[in-house]
Amino acid sequence: MKLDALIDFFQSFVPESVARFPEFYAEDAWFKDPFNEVCGILAIQRIFTHMFCQVQEPRFVVTEQVADAGGAMLTWDFHFRVRGRREPLLIRGVSHLKFDAAGKVNFHRDYWDAAEELYEKLPVLGLLMRGLRKALAA
């Protein structure tokens, strides 16, 4: 796997990029994030196509990478806007990737805190989540 090419793929991601997943992902690749768990390129493509329908101006920025021949860990910032909201939002996360013998991604697990990184930033739900966090803090 050419990790730099994969990073560039995500950092320059546009709706047309979704068709390029077979260049980087194995046909039976597994993907999991806080909202999805799927197997296969078509299912992974549906998730990212859906992302472009749900948010505006999505942009990934890889901030760190640790890799060996079998896989990589990428830390990233996901910048986006929500319809009807002026200010941009930011989610920080980590992707754990594993590569098959052909060098394609066959395992992709995204780790990020949906409560802190997303729910707390939403108007009504955010108030509830911030209150809950405050009540549970030591």
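Values in this text are rule-based calculations from the coordinates and carry no lab data. No experiment lies behind these values; they were computed from the predicted model shown. Don't worry about glycine lacking a Cβ; one is built from the backbone with ideal geometry, like all the others, and counts go over all protein chains shown.
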- All but one of (1) surrounded by 15 or more Cβ atoms within 10 Å (Cβ to Cβ); (2) without any contact (Cβ under 8 Å) to a residue 24 or more places away in the chain; (3) over 30 Å from Lys134 (Cβ atoms) hold for Thr75; which doesn't? (3)
- Checked the stretch 18-37 for anything surrounded by 13 or more Cβ atoms within 10 Å (Cβ to Cβ) and within 18 Å of Ala114 (Cα to Cα); matches are Phe31, Lys32, Asp33, Pro34, Asn36
